[in-house]
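The values are calculated or read from the model by the stated rules, or taken from the named source; none is laboratory data. As the structure is a computational prediction, the values presented were derived from the model and not from experiment. Cβ coordinates were reconstructed from backbone atoms using ideal geometry, including for glycine residues, and neighbour counts include every protein chain displayed.
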Amino acid sequence: MNIDGQNYRTIWLADDGWAVEVIDQTKLPHIFETCRLETLECAAAAIRDMQVRGAPLIGVTAAYGMALAMRSDASDGNIQHAYDFLRATRPTAVNLRWALTEMVELLAPLAPNDRVEAAYGRVAQICDEDAAMCRAIGKHGAVLIEAVAGKRDAGVPVNILTHCNAGWLATVDWGTALAPIYVAHERGVNLHVWVDETRPRNQGASLTAWELASHGVAHTLIVDNLGGHLMQRGMVDLCFTGSDRVTAEGDVCNKVGTYLKALAAHDCGVPFHVALPYNTIDWSIRDGVCDIPIEQRDASEVLNISGLGEDGVQRTVKIAPANSSAVNYAFDVTPARLVSGLITERGRCAASRQGLMGLYPEQT
Ligand code: MRU
């Protein structure tokens, strides 16, 4: 996607051909800075500290982490060590496990001398595949926006609500939930996005709003609790979110607060769609509420808030009494019954086993 006229992906190889560069998402929206990952430890830290985040990008960064690990030690022992080390970084997004398993299955049978080249080659493919899948998700999802637009006067925008950041910053390119919005925008559809700020880390305010602004898409930032009110007043036509893990039955795990938006959407009759690539589906899990591990993050993310001061300095300030405690579950699960449909690279389907099997018959 474009930043000031220059085309970017979220992750790429440095000019030396081996180090990995990423956009440091902890600095956005105020500072655009990239960082260079040279070791397995750097890649793991970038995921853990959320310089990169979003299910697909976490997976790709972990795959590059495996490639970096092979550069320093291509032994069998180091394949296992790198897998375990990267796997422990963030528990909820299943794309991490998917990408690491891909890498281990590729590397383990090879002779150590062949592992570095093979690892870099496979990650390059995963990156291209991710970008292509997200573009396809965009095309399949744009149809939903166009259908609403088709019933509207040209001057009235289609209003779409989204939660967290599921745009190109969360993937290699295009995004999941935002891909249909970019495709529809590209096709000239008059649309407007309600952007949930997404406490506690504010990925909506700092990342989604920044992406949409950079791309010239009309949007308005809202506090997380406003969505229900907007839906009751008919001010939301569609909800689009991404996902960190979808079960074989179609339950959707996503950034905390997604469930409440789905409940409000259900109550107000607003279609609630979830966009994801195939490697976000966890075929081994049926019941999302019971079986998906939900990441618990540091309470400081709830007790404090970070931003840019009037003086242009980025700082973190306390927003709660010093002796208050906080709990910080990062994700929640929206049961399939509240999801109007899934949008994948292969097309759209119902959020159900039958729906998913229709698109992925090879999983039987
Ligand atoms: O904690 P994060 O920022 O990694 O959470 C990201 C999300 O929940 C996204 O909505 C999700 O990964 C969607 S897929 C692009």
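Tell me which of these Glu301 doesn't satisfy, since it passes every other one: (1) within 16 Å of the ligand (Cβ to nearest atom); (2) assigned to a loop (DSSP other than H, G, I, E, B); (3) surrounded by 12 or more Cβ atoms within 10 Å (Cβ to Cβ).
(2)
Return the pair list, or none, for Cβ contacts closer than 9 Å from residues in segment 156-176 that are in the same structural domain as Pro56 (by TED's automatic domain parsing) to residues that are within 11 Å of the ligand (Cβ to nearest atom), at least 6 apart or on different chains.
none
Is there a residue being free of Cβ contacts under 8 Å to residues at least 40 places away in the same chain, out of contact with any Ser or Thr (no Cβ under 9 Å at 6 or more places or on another chain) and within 26 Å of Gly167 (Cβ to Cβ) anywhere in segment 71-87?
Yes, that holds for at least one residue.
Scan Arg187, Arg97, Arg199 and give me the residue that is within 16 Å of the ligand (Cβ to nearest atom), assigned by TED's automatic domain parsing to the domain that holds Ile281, surrounded by fewer than 24 Cβ atoms within 10 Å (Cβ to Cβ) and not aliphatic (A, V, I, L, M).
Arg199
Out of Arg36, Arg9, report the one residue that is surrounded by fewer than 24 Cβ atoms within 10 Å (Cβ to Cβ), among the basic types (Lys, Arg) and touching a residue at least 24 places away in the same chain (Cβ under 8 Å).
Arg9
Any idea how many residues of segment 215-273 are more than 19 Å from the chain's Cα centre (by Cα), in a helix (DSSP H, G or I) and either acidic (Asp, Glu) or under 21 Å from Arg337 (Cβ atoms) (or both)?
Looking only at that region, the number is 10.
Which of the residues spanning segment 54-90 are surrounded by fewer than 18 Cβ atoms within 10 Å (Cβ to Cβ) and either acidic (Asp, Glu) or under 25 Å from the mean Cα position of the chain (by Cα) (or both)?
Matches in segment 54-90: Asp73, Asp76, Asp84, Arg87, Ala88.
Report, ordered by the first and then the second residue, all pairs with beta carbons closer than 6 Å, sequence separation of six or more or different chains, a first member in segment 98-116 that is in contact (Cβ under 8 Å) with a residue 24 or more places away in the chain, and a second member that is aromatic (Phe, Trp, Tyr).
That search, which allows pairs on different chains as well, returns Leu100/Tyr83; Val104/Tyr83.
Do you know which residues across segment 25-47 are closer than 20 Å to Thr208 by Cα and not hydrophobic (A, V, I, L, M, F, W, C)?
Of everything in segment 25-47, those that are closer than 20 Å to Thr208 by Cα and not hydrophobic (A, V, I, L, M, F, W, C) turn out to be Gln25, Thr26, Lys27, Pro29, His30, Glu33, Thr34.
Tally up the residues in segment 315-340 that are within 16 Å of the ligand (Cβ to nearest atom) and in a strand (DSSP E or B), please.
Going through segment 315-340 one residue at a time, the tally reaches 5.
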